[in-house]
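S.K.: One structure is given below, represented as structure tokens, and several questions about it will come after.
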Amino acid sequence: MSNMLEVKGLKAYYGPSQALHGIDFSLAKGSITTLLGANGAGKTTTLRAICNMVRTEGSVSVDGQSVAGKATEAIVRLGVGHVPEGRGTFTALSVEENLRVAAYTRRDKAQAARDLEMVFTYFPRLKERMAQQAGTLSGGEQQMLAIARALMLGPRLMLLDEPSFGLAPLIVQEIFRIMRRINQESKVSMLLVEQNAALALALADNAYVLETGRVVMSGTSAEVSSNEQIRKSYLGY
Amino acid sequence: MEQLFQQVASGLANGAIYALLALALVMIFVSTNHINFAQGEMAMFSAFVCWQLITWGYSFWIALPLTMLFSFGVGVTIERVILRPLHSAPVLSIVVVFIGLLAIFHSLAGAIWTHTVKPFPSPFPNVSFAGSGLIGAHQIGMIVVAVVMLALLFSFFRLTPLGLAMRAAALNPDSARLVGINVDWMLALGWGLAATVGAVAGVLVAPVVFLEPNMMAGILLYGFAGALVGGITSPGGAVAGGFIVGVLENMVAYLGNMLERATGFYLIGNGEKLTVALLIVITVLTLKPSGLFGRVTVKRV
Ligand SMILES: Nc1ncnc2c1ncn2[C@@H]1O[C@H](COP(=O)(O)OP(=O)(O)OP(=O)(O)O)[C@@H](O)[C@H]1O
Ligand SMILES: [Mg+2]
């Protein structure tokens, strides 16, 4: 069985400066992997590199298919739902439009309609707010909308960039519970970037720790969280 | 009093043209943050194309859609071929490109069709209406065609998936790519639609100002004024702004004439219409920089 995501020797550049220095990791089908690390370690850059949103070298394949040379929108259509840092909701559009626009490139409209129903079972709150302008939602609701929008792509793999950012603990717990359900019920593999290491390790099967664009440790979540030194120096808890 | 109505009516007719041009400018601005200075010359060129088709014997109502199709193609091509390689170029280079385009369309039209002024036949039947003489058939036609065009365009953006995708691409290109939208094509399509809207404006105004390579110079300024007054970020606002500027410029001239007739003192007249229009723009922008209808999106941080 091939991996859902296979990353080899991934390097990324912002202009002349290099942000990733050759990263290797893989993500088994159906699993959740978390990328941890301090501010500026290169977590967001890794997700952006997978979607070819920065200049990259190295190889990335999604479900056995190389994404080399593909445009971001083409990679997305392979079934990669990227929930970006800062959520990236279309704040001037309504909740409904945010969800509909994500199904724009899907051929199977009937399946897209079923997926919308499924999204409502995960996020019943969004159903009540369909007509509301997305920019007026609460932070938690916006994060839900961002995840829901990625789900409307019918993804096999989701890339989630700090879904807990700026949210109250109760909302974060709710969102993480829903993420687990999405993983289990919709069989979506997940690559989760988090500052909140304890929370991410509790959800993920495997973890990679980044420091200044390099992997400094990897293992199962249990292994990483039981490593005293890693916990103290990189995860800060 | 009748004269006042007449002024308002013809202001609305001119306003329809300004509204179309303003909308064309806004459509490109919201997705690229650039002002297409060549919009007027592109519209002029389209009007010539339509005239050419008519002189070749096509009826106006066949020539118009053909012209729109041609203009759409020109718009798409300009974006794909000329602007595409400049996506990350500094603003000043883009401005230079627009001015280059302006010059190219201008001299091309002069070279193909010469600079002699040509009459452009009005497509609208010359019947008189109830309030005869109040407003000409062509003016009513201008308003009707413009309003139909605007309604179609707004329905397209509001109601169709492609229209929604285009709006999303303009609002947030990165997020649009992340939902699988080909943002580059959306930009090209936006250019095509803007060129089409401009073409309709050019064709509608040609019977009024006559056909020649300079015909759009002043009119584009009014369109620009309309876009700024209404809000350069708001398509609906730009349309409203176009109509407002159209009516206002006539009101100004009308009041100036009244004043002159009453007191013999000439303050303002037809010659100062453009100046006054620009003064209005500056005043509005000073008081409300985003324009009258420029929407500031509600955003929670
Ligand atoms: N647009 C950019 N231009 C230049 N350098 C950038 C840019 N974005 C990120 N960087 C640099 O790349 C490195 C990695 O940044 P990245 O955003 O991937 O970190 P991160 O792990 O996601 O951090 P955070 O936890 O703060 O989100 C940092 O040194 C950062 O300064
Ligand atoms: Mg980050």
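S.K.: In debye, nearest 20: dipole of the range A:89-154 around its Cα centre with unit charges on the Cβ of K, R (+) and D, E (-)?
M.R.: 140 debye
S.K.: A follow-up question, please. Mean Kyte-Doolittle of at least 0.0 and a Cα length of 27 Å or more along the axis: which whole DSSP H helices of chain B meet both?
M.R.: TM-like helix candidates: B:2-32, B:91-113, B:137-159, B:183-209, B:235-263.
S.K.: How much length would be gained if the chain were fully extended between B:Thr116 and B:Gln52, taking 0.36 nm per residue of separation minus their Cα-Cα distance, in nm to one decimal?
M.R.: 21.6 nm
S.K.: What is the local net charge at A:Asp161, summed over the other residues whose Cβ is closer than 14 Å to its Cβ (Lys, Arg +1; Asp, Glu -1)?
M.R.: 0
S.K.: Same structure, new question: Largest first and in whole Å, give the semi-axes of the range B:32-177's equivalent ellipsoid, each being the square root of 5 times a Cα gyration tensor eigenvalue.
M.R.: Over the Cα atoms of the range B:32-177, the semi-axes work out to 32, 23, 14 Å.
S.K.: Is any residue of the range A:184-211 close enough, with backbone N under 16 Å, to a label point placed 7 angstrom from the Cα of A:Ala38 along the Cα-Cβ axis, and if so, which?
M.R.: Counting only backbone N, you get A:195-197, A:209-211.
S.K.: Compute the convex hull volume of the Cα atoms of the range B:238-278, divide it by the residue count, and report the result per residue in Å³ as a whole number.
M.R.: 46 Å³
S.K.: Now a separate question. Once you compute Rg and the Kirkwood Rh from C-alpha atoms, what is the Rg to Rh ratio for chain B?
M.R.: 0.98
S.K.: Let me ask something additional. Kirkwood Rh, chain A, all Cα pairs: how many Å?
M.R.: About 18.0 Å for chain A.
S.K.: Between A:Phe165 and A:Lys127, what is the spin-label point distance in nm, taking each point 7 Å from the Cα along the Cα→C-beta axis?
M.R.: Here the answer is 3.0 nm between the modelled labels.
S.K.: Right, something else. Gap in Å between the Cα centre of the range A:49-98 and the Cα centre of the range A:1-16?
M.R.: Each part reduced to its Cα centre gives a spacing of 13 Å.
S.K.: Moving on. Work from the charge dipole of chain B (Cβ charges, +1 for Lys and Arg, -1 for Asp and Glu, about the Cα centre) and give the residue of B:Asn14, B:Ala89, B:Ile54 farthest towards its positive end.
M.R.: Sorting the options by dipole projection puts first B:Ala89.
S.K.: Same structure, new question: Under 10 Å, Cα contacts only: if you run a Gaussian network model on chain B, which one of B:Val96, B:Val197, B:Val281 comes out with the highest mean-square fluctuation?
M.R.: Answer for the Gaussian network model of chain B: B:Val96.
S.K.: Please quote Rg/Rh for the protein assembly as shown to two decimal places, taking the Kirkwood radius as Rh and restricting both calculations to Cα atoms.
M.R.: In the protein assembly as shown, Rg relative to Rh is 1.09.
S.K.: For the pairs A:Lys29/A:Lys109; A:Lys29/A:Lys232; A:Lys43/A:Lys70, note any where the Cα-Cα span goes beyond 23 Å.
M.R.: Over 23 Å apart, Cα to Cα: A:Lys29/A:Lys109; A:Lys29/A:Lys232.
S.K.: Another one. What value, in deg cm²/dmol to 500, does the helix sum -39500 (n - 2.57) over DSSP H runs of n ≥ 4 give at 222 nm once divided by the residues of chain A?
M.R.: -10000 deg cm²/dmol
S.K.: Cα gyration tensor of the range A:124-187, axes a ≥ b ≥ c as square roots of the eigenvalues: rounded (a/c below 1.5), prolate (a/b > b/c) or oblate?
M.R.: oblate
S.K.: Please check which bits of the range A:155-172 a label hung off A:Arg106 would reach, taking the label as a point 7 Å along Cα-to-C-beta and the cut-off as backbone N under 13 Å.
M.R.: Counting backbone N atoms under 13 Å from the label point, the list is A:155-156.
S.K.: Which value, in debye to the nearest 20, gives the size of the charge dipole of the protein assembly as shown about its Cα centre, when Lys and Arg are +1 and Asp and Glu are -1 at the Cβ?
M.R.: 720 debye
S.K.: Please build a GNM for chain B, connecting alpha carbons under 10 Å apart, and tell me which residue among B:Gly11, B:Gly264, B:Gly246 fluctuates the most.
M.R.: Highest fluctuation of the listed residues: B:Gly264.
S.K.: Also, I was wondering about something else. What do you get for Rg/Rh of the range A:1-64 when both radii come from the Cα atoms and Rh is the Kirkwood radius?
M.R.: Radius of gyration over Kirkwood radius for the range A:1-64 works out to 0.97.
S.K.: Rounded to the nearest 0.05, what FRET efficiency do B:Val144 and B:Val96 have when you use their Cβ-Cβ distance and R0 = 56 Å?
M.R.: 0.90
S.K.: Right, here's the next one. Taking the square root of 5 times each eigenvalue of the Cα gyration tensor, what semi-axes in Å does the equivalent ellipsoid of the range A:89-154 have, largest first?
M.R.: Equivalent-ellipsoid dimensions as semi-axes: 19, 12, 9 Å.
S.K.: If you don't mind, there's one more thing I want to ask. If R₀ is 45 angstrom, what is the calculated FRET efficiency for the pair B:Phe5 and B:Leu162, using the beta carbon separation as r and rounding to 0.05?
M.R.: Once the sixth-power term is evaluated, E becomes 0.65.
S.K.: Explain nothing, just the number: relative contact order of chain B, from Cα pairs under 8 Å at least 6 residues apart, as a whole percent.
M.R.: About 35 percent, as a whole number.
S.K.: Of all the Cα-Cα pairs you can form in the range A:121-237, what percent are over 24 Å apart?
M.R.: When every Cα pair of the range A:121-237 is considered, 32 percent fall beyond 24 Å.
S.K.: Which listed residue (B:Leu228, B:Leu108, B:Leu164) has the Cα farthest towards the positive end of the charge dipole for the range B:2-287, taking +1 on Lys and Arg C-beta and -1 on Asp and Glu C-beta about the Cα centre?
M.R.: The one lying farthest along the dipole's positive direction is B:Leu164.
S.K.: So for the range B:1-135, averaging the separation of alpha carbon pairs under 8 Å that are six or more residues apart and normalising by length, what relative contact order in percent results?
M.R.: Here the relative contact order equals 36 percent.
S.K.: What size of dipole, in debye to the nearest 20, comes out for chain A about its Cα centre when the only charges are +1 on Lys and Arg C-beta atoms and -1 on Asp and Glu C-beta atoms?
M.R.: With Lys and Arg at +1 and Asp and Glu at -1, about 380 debye.
S.K.: While we're here: Positive end of the dipole of the protein assembly as shown, charges at C-beta (+1 Lys, Arg; -1 Asp, Glu), about the Cα centre: which of A:Leu235, B:Leu279, A:Asn39 has its Cα farthest in that direction?
M.R.: Sorting the options by dipole projection puts first A:Leu235.
Quick note: the coordinates plus some simple rules give every number you see, no bench work behind them. The structure displayed is predicted, hence computed values, not measured ones. Cβ sites come from the backbone with ideal geometry, for glycine too, and all protein chains shown count toward neighbours.
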